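The values are calculated or read from the model by the stated rules, or taken from the named source; none is laboratory data. These numbers come from a predicted model, not from an experiment. All Cβ positions, glycine included, derive from the backbone under ideal geometry; neighbour counts span all protein chains shown.
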Amino acid sequence: MISERKFAESYKTFWDEAVPHLSYYCSTSEARGKRFGRAIEIPEIGYHVSFNNIIATTHFKNISTDLNYPLKQSCIDSMPVMRIFSENYAKGYKLTEEYQEIIMIQTERMASQYAGKLVHDPSFPGYGIMANCRGDLICGSTLVEIKANTGKKYNKPFETRDFRQLIVYCALNYLAGHKYRISKVNLFNPRMGFLWQSDIDGFIFHITRSTSAELFHAIGDFLLALSEPGLINESFSDADY
């Protein structure tokens, strides 16, 4: 079995054929979305960036149901996930005043953008070689992926694989018989202060010149084909980072 993230960052040949205009789209200013705030520039230890992102997302989830939920408790709630990344680094993590500020800026930005009927960690049934997986958020009829990249590696808020990951979730939702009513998609970067948004059908037509249904069926067929012995190993020499 493979994860949706591994699928999104691998199988470049398949993706180039399935979404032939995505790479070009990701090189344009349109793929950056719209700026809604300044980038966070408070210093952090490199390996603590992901920890602060995890805590911010957890705290946003917690305050969605309890506005008075303590940040320190959200940090404790996040520890099991942080330990998956690194047991040693998680043990040495301290919720400093600077880190609290970083976390709260991200949390407040998420809370100001997404409110009302929220589904945190929406589950999507697996298909073919793909395991069951979870997205970040559904707000009304909008599927949201929160990507708190710092932008230091590629100097842009979103990467090609982020768009692919959104497409995978939409495909799994379609192949499951529309488990959720999703008509729009967002990529949200609370660190760099960017929001990209589109309706699903319009975006997919833009990058494929075909329909959403055709693309989702193609993804499903490919995942089923990968279930055949030997094919899964082809992915990792064809990665797109």
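Residues that are small (Gly, Ala, Ser) and surrounded by 15 or more Cβ atoms within 10 Å (Cβ to Cβ) within region 27-49 comprise Ala31, Gly33, Gly37, listed in sequence order. The set of residues in region 86-110 that are touching a helix residue (DSSP H, G or I) at 6+ places or on another chain (Cβ under 6 Å), aliphatic (A, V, I, L, M) and at pLDDT 95 or above comprises Leu95, Ile102, Ile103, Met110.
Look at region 113-125: where a residue is hydrophobic (A, V, I, L, M, F, W, C) and a partner is loosely packed, with under 15 Cβ neighbours inside 10 Å, sitting 6+ places away or on another chain with Cβ atoms under 8 Å, you get Phe124/Asn132; Phe124/Arg134; Phe124/Ala176; Phe124/Lys179.
Test Leu231 against the stated conditions and say whether it is among the hydrophobic types (A, V, I, L, M, F, W, C) and modelled with pLDDT under 95. The answer is yes for Leu231. Taken together, the residues in region 50-76 that are surrounded by 12 or more Cβ atoms within 10 Å (Cβ to Cβ) and either under 18 Å from Leu137 (Cα atoms) or within 20 Å of the chain's Cα centre (by Cα) (or both) amount to 16.
Residue-level check: of (1) in contact with a strand residue (DSSP E or B) (Cβ under 8 Å, 6 or more places away or on another chain); (2) among the polar types (S, T, N, Q); (3) within 18 Å of Glu17 (Cβ to Cβ), Thr211 misses just (1). Scanning region 1-26 for residues that are under 26 Å from Met110 (Cα atoms), among the small types (Gly, Ala, Ser) and surrounded by fewer than 17 Cβ atoms within 10 Å (Cβ to Cβ) returns a single hit, Ser3.
Okay, residues lined up against (1) modelled with pLDDT under 95; (2) assigned to a helix (DSSP H, G or I); (3) in contact with a strand residue (DSSP E or B) (Cβ under 8 Å, 6 or more places away or on another chain):
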position	(1), (2), (3)
Lys6	no, yes, no
Glu17	no, yes, no
Pro20	no, no, no
Ala31	no, yes, yes
Gly37	no, no, no
Ile40	no, no, no
Ala56	no, yes, no
Asn62	no, yes, no
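Against the definition (in a helix (DSSP H, G or I) and either of a type outside the set (S, T, N, Q) or at pLDDT 95 or above (or both)), how does Ile207 come out, yes or no? Judged against the criteria, Ile207 is a match. If you check Thr208 against the conditions, is it polar (S, T, N, Q), in contact (Cβ under 8 Å) with a residue 24 or more places away in the chain and under 19 Å from Ile2 (Cβ atoms)? Against the criterion (polar (S, T, N, Q), in contact (Cβ under 8 Å) with a residue 24 or more places away in the chain and under 19 Å from Ile2 (Cβ atoms)), Thr208 does not qualify.
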